[in-house]
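Heads up, the thing below is written out as structure tokens.
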Amino acid sequence: MKESPMDLRPMGIGDILDSCFRLYRANFLKFILIAAIPQLVLFLISGTWQYFTFSIMTMGTPKLEAAIPVFVLSSIGTLLLLIPAWCLYLVGTGALAYAVSERYLGHSIDVKESYIYVLKRFWRLVGTLLLTALMIVFGFFFCIVPGIVLMMLFIFTTQTVVLEQCRVTKAISRSTSLAWDWGNLGKIFVIGLLYFILSMVVGGIVTVPFMIVSMLRAQHALLPTFELQILQTAAQSISNIIVSPIFMISFTLLYYDIRIRKEGFDLQVMAENLGHES
């Protein structure tokens with residue numbers, strides 16, 4: 001369904017944030033649903049693993065010889081959970097980027113279409129994130145500042161893969177080209193910092209009560225119950241569902257803002273619309 005596109009004009013940080021929250025409010029349920037699907041799958045996987053480890057730990061007070069294998073198994077399982085978590089993160093953020101782009105350009109948001117579109121580009125997303133992650137870790141290994149700079153330069157890789165259909169190395173170079181400007185890097189840093197603060201605040205609000213209960217039980221030498229653990233995990237998932245769309249909306253709007261400033265993207269869209277009308 002064709003809708004009116006958003007105002008295609010250069011924006012400052014305030015304009016981007018204002019447009020982000022207006023877009024979020026106007027399409028709240030669809031953005032929440034897109035963000036909730038990977039979080040729900042991950043919650044089911046994580047909850048199952050928590051139940052497994054909790055059942056073993058509460059079978060009695062094990063001897064040291066028996067506790068060590070349980071700890072090792074639990075650690076390996078936790079690490080293995082990072083693989084589906086990482087894959088779900090890729091798909092979810094890609095679907096959000098596509099949905100934001102569709103609405104920005106005047107199309108309605110379709111949750112199913114967003115996921116189908118992104119899944120076709122899944123391996124490009126995997127390759128891009130793997131390569132950028134290695135480079136960022138390499139940057140942090142030498143000094144914190146290069147790692148942070150690389151994170152900012154690679155911030156648009158999801159958009160370049162999903163929206164421009166770039167391959168791995170092209171997506172990275174394209175993101176770097178878009179971000180490489182002191183003004184753009186400043187916007188990326190400020191928006192990223194604000195998002196980090198927001199995620200910490202929202203995460204704290206929903207998870208602190210469970211942490212307090214756990215601490216009170218620990219003072220009485222009581223282990224956390226499985227119900228308490230699963231509720232804390234659910235609260236963290238809810239926090240991620242609420243906040244994650246804000247990250248992708250704001251940076252996708254910034255992506256288009258930079259393209260408007262550098263490449264006249266607004267004129268391209270206007271010409272295309274005139275072509276369709278004629």
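Derivation of every value follows stated rules applied to the coordinates shown; laboratory data play no part. Remember, predicted model here, so these are calculated numbers, not experimental data. In this analysis, Cβ positions are derived from the backbone assuming ideal geometry, glycine residues included, and neighbour counts consider all displayed protein chains.
Summarised as an ellipsoid, the stretch 118-222 has semi-axes of 35, 18, 15 Å, derived from the eigenvalues of the Cα gyration tensor scaled by 5 and square-rooted, with the largest first.
Between H107 and E3, the built amide H atoms are under 5 Å apart, and every one of these is 5 or more places off in sequence or on another chain. Note on D7 and E227: the model spin-label points, each 7 Å out from Cα along the C-beta direction, lie 5.2 nm apart. The ranking of D7, D15 by Cβ neighbour count inside 10 Å, starting from the fewest, reads D7, D15.
Arrange M248, M211 by Cβ neighbour counts within 10 Å, fewest through most, would you?
Values: M248 25, M211 14.
Final ranking by Cβ density, sparse to dense: M211, M248.
Whole-Hz Karplus values for the stretch 240-250 come out as 5, 5, 6, 8, 4, x, 4, 4, 6, 5, 5 Hz, taken residue by residue from phi with 6.51 cos²θ - 1.76 cosθ + 1.60 and θ = phi - 60°; glycine and proline positions read x. Ordered by the number of other Cβ atoms lying within 10 Å of each residue's own Cβ, fewest first, C87, C20, C143 fall into the sequence C143, C87, C20. The string of couplings for the stretch 87-92 from the Karplus curve (6.51, -1.76, 1.60, θ = phi - 60°) is 5, 5, 4, 4, 5, x Hz, one whole number per residue in order, with x for Gly and Pro.
Placing pseudo-labels 7 Å out from each Cα toward the beta carbon at V213 and E113 gives an inter-label distance of 4.2 nm.
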